[in-house]
Amino acid sequence: MVQSPSSSGPGAAEQRRPRLSSRRRRILLTAAYVAVAAVAFGASLAFTMAWRLVSGLTVDEEQPEPGDVVAPPRVEVRPDEPFNILILGTDAGLLEDGRRGARRSDTMMLASYDPLTGGLSILSIPRDTYVEIPLDRLDEQLHRYIRENPTKITHAHAFGGPAVSMAAVSHLLNVPVHRYVRVNLEAFVNIVDLMGGVYICVPKPMHYEDPYQNLYIHLQPGCRVLNGNEAMQYARYRQDSDLARIARQQEILRALVQRGLDLGIIPRLGQIVDEIVRQVDTNLSESELVHLVAVAGRMAAGFSPDEIVMNTIPGRDGWMNGVYYWLHDEEGTRQLVDALIWRLTPPPDTVVQVLVRDASGPGGAGSRVAESLRQHGYNVEVVVDEVPVDETIVLIHHGDETMGKVLARAIVNQTATARVYAEPDDSAPADITIVVGRDYVQNQQ
C-alpha cells in the first residue's frame with residue numbers, strides 16, 4: 001500500500017517563501033499596468049511599452065528551495081513551439097506534533113501558449129493519476145521507495161519539489177515543460193480577496209472536513225461573489241469526484257481571468273503584485289514575465305475567458321493494492337495533447353486538404369505521415385515522387401497560413417529541418433503540400 005513520503009524525507013522541510021528583488025517587483029507592477037493599459041488604450045501601444053522593459057534584464061539563477069531535491073531546470077524554448085508552464089497549487093499536511101509536513105501538489109495544470117495560433121489552453125491533471133516518476137530526479141532513498149510502490153502524481157512535489165513535478169508531467173504527457181509557477185493556499189486566498197472575489201454559482205450544499213489538511217468546507221448553494229476563503233473551499237471540495245473538483249478549479253480560474261479584465265482592479269494592482277511577489281514561486285525570468293504580461297495585454301482587448309481551452313486528461317478509476325488511482329488513457333491523452341498543445345486538429349467545421357508527396361525513397365515514409373494527419377482530421381492524398389529529395393518542406397497554396405505552419409512544426413519535431421514556403425496557387429489540388437524528404441527517414445532511425 002502506498003504511504004505518503006516520510007516526514008524525515010526530502011519533502012518534509014518547511015519551504016521558505018521566495019524573496020524576489022524589489023527590481024522584479026517594479027518590473028512586474030509596471031508590466032501589470034501595461035496589461036491593463038492594453039484594455040483601455042490599445043494593445044499595440046501597451047505591447048511596445050512592455051518590450052521596452054526587456055532590454056538589460058537578466059535571468060535569475062534559480063536555487064532549490066529547502067525540500068526541493070534539485071533546482072528546477074530551465075528548458076530551452078524554440079520560438080515556434082508552445083510555451084508550457086506547470087501551475088502547482090500546494091497543500092501542507094499536519095504531522096503528529098502539529099508541524100507542517102511534506103507539501104503535495106493539490107492542483108496541477110499545464111498552461112500552454114501557442115505563439116503560432118495565439119491560442120491559450122490549460123490541461124488539468126488529476127492528483128491521483130498513476131505515474132512513473134523519472135528516477136534521475138531523486139536520491140537513492142527515494143529510488144527504492146519508487147521502485148517498490150506505485151506512485152500518484154500528487155506525491156511528485158513532496159518527493160523533490162517542482163523539478164520532480166515537471167519531470168513527471170513531461171514524462172506523462174510527452175511534451176516539454178519549460179517553467180513552473182508554485183502557489184500556496186494562503187496566496188490563493190489573499191489574491192482572490194485583493195481582486196474583489198469571484199462570482200460563482202454554488203450548485204449544492206458543500207460540507208467536508210479534513211483536520212489533517214486543515215481543511216474545513218461549509219458552503220451553501222446559490223450564486224454570489226465568493227471571498228478568497230470561500231473560493232478555496234469551492235475549489236478543494238472533494239466529496240463527489242476528482243474530475244468534478246478539477247471542473248470547479250477551472251471555473252474559478254475563468255472567474256479570476258474575468259475579474260482581471262475589470263478595470264476596477266487598477267487601484268489594487270500594487271497590492272496584488274506585492275502578494276504575488278511575496279507568496280508565488282516561479283523560475284520564469286524577468287524578461288519572460290514581461291513578455292507573458294505583454295502577450296496578455298495584446299490579447300486582452302475583446303478577450304473572453306471562454307477563449308481559454310480547458311480540459312482534463314482522460315482515464316478511468318482503478319485500484320492497486322487497495323489504493324485508488326486515476327489510470328490515464330494513453331491514446332486519449334496523446335490525442336488531447338496534440339489538439340490542445342500542438343494544435344494539430346483542424347478548426348471545427350473546417351476541411352483542410354493535404355497532398356503528401358513522398359520523395360523520401362523506399363520505405364513508405366510519406367504514407368506514415370499521411371496516416372498520422374488523417375488521424376487528426378485532415379483529408380490527405382499521397383503521391384510518390386520518383387526522384388528523392390534531401391529536405392522535407394511544406395508548401396502553403398491557399399487558406400490559412402497558420403495551419404500550414406502548425407503542420408510544419410509537427411514535422412520539425414521529428415526531422416528538425418522542415419521549412420515552410422508560401423506558394424499561392426488557386427489551381428492547386430490541395431490547400432497544403434508536404435514534400436517528405438530523406439531527412440525525415442534519417443531522423444526516424
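The values are calculated or read from the model by the stated rules, or taken from the named source; none is laboratory data. Predicted model only: the values in this text are computed from it and were never measured. Backbone-built Cβ (ideal geometry, glycine too); neighbour counts: all protein chains shown.
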Pair list, Cβ under 7 Å, 6 or more apart: the stretch 119-133 residue in the same structural domain as residue 84 (by TED's automatic domain parsing) and touching a residue at least 40 places away in the same chain (Cβ under 8 Å), other residue among the aromatic types (Phe, Trp, Tyr) and surrounded by 21 or more Cβ atoms within 10 Å (Cβ to Cβ): 126/326; 128/325; 128/326; 129/326; 130/325; 130/326
Looking only at the stretch 137-158, decide whether some residue is part of a helix (DSSP H, G or I), under 25 Å from residue 184 (Cβ atoms), at pLDDT 60 or above and of a type in the set (Gly, Ala, Ser). yes
Any chance the stretch 236-247 includes a residue that's assigned to a helix (DSSP H, G or I) and in contact with a helix residue (DSSP H, G or I) (Cβ under 6 Å, 6 or more places away or on another chain)? no
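Residues are listed down the side, and each one gets a yes or a no for (1) in contact with a His (Cβ under 7 Å, 6 or more places away or on another chain); (2) over 19 Å from residue 372 (Cβ atoms); (3) at pLDDT below 95:
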position	(1), (2), (3)
309	no, yes, yes
315	yes, yes, no
318	no, yes, yes
324	no, yes, yes
340	no, no, yes
347	no, no, yes
How many residues does the stretch 168-191 contain that are over 18 Å from residue 281 (Cβ atoms) and at pLDDT 90 or above? 6
Criterion violated by residue 386 - all others in (1) farther than 26 Å from residue 122 by Cβ; (2) in contact (Cβ under 8 Å) with a residue 40 or more places away in the chain; (3) surrounded by fewer than 17 Cβ atoms within 10 Å (Cβ to Cβ) satisfied: (2)
Scanning the stretch 339-371 residue by residue, those closer than 19 Å to residue 444 by Cβ and either touching a residue at least 24 places away in the same chain (Cβ under 8 Å) or in contact with a Cys (Cβ under 6 Å, 6 or more places away or on another chain) (or both) turn out to be 342, 344, 356, 357, 358, 359, 360, 361, 363, 365, 366, 369
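Table: residues versus (1) in contact with a Phe, Trp or Tyr (Cβ under 8 Å, 6 or more places away or on another chain); (2) farther than 20 Å from residue 197 by Cβ.
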| site | (1), (2) |
| --- | --- |
| 229 | no, no |
| 237 | yes, no |
| 244 | no, yes |
| 319 | yes, yes |
Helices (runs of 4 or more DSSP H) contained entirely in the stretch 346-445, each with at least 1 residues that are in contact with a Phe, Trp or Tyr (Cβ under 9 Å, 6 or more places away or on another chain): 365-375, 401-415
Quick one: in the stretch 430-444, which of the residues that are more than 14 Å from residue 364 (Cβ to Cβ) and among the hydrophobic types (A, V, I, L, M, F, W, C) is farthest from the chain's Cα centre (by Cα)? 430
Filter pass, residue 343 being basic (Lys, Arg), more than 28 Å from residue 83 (Cα to Cα) and not in a helix (DSSP H, G or I): no
Answer with yes or no whether residue 327 is in a strand (DSSP E or B), in the same structural domain as residue 313 (by TED's automatic domain parsing), within 32 Å of the chain's Cα centre (by Cα) and surrounded by 13 or more Cβ atoms within 10 Å (Cβ to Cβ). yes
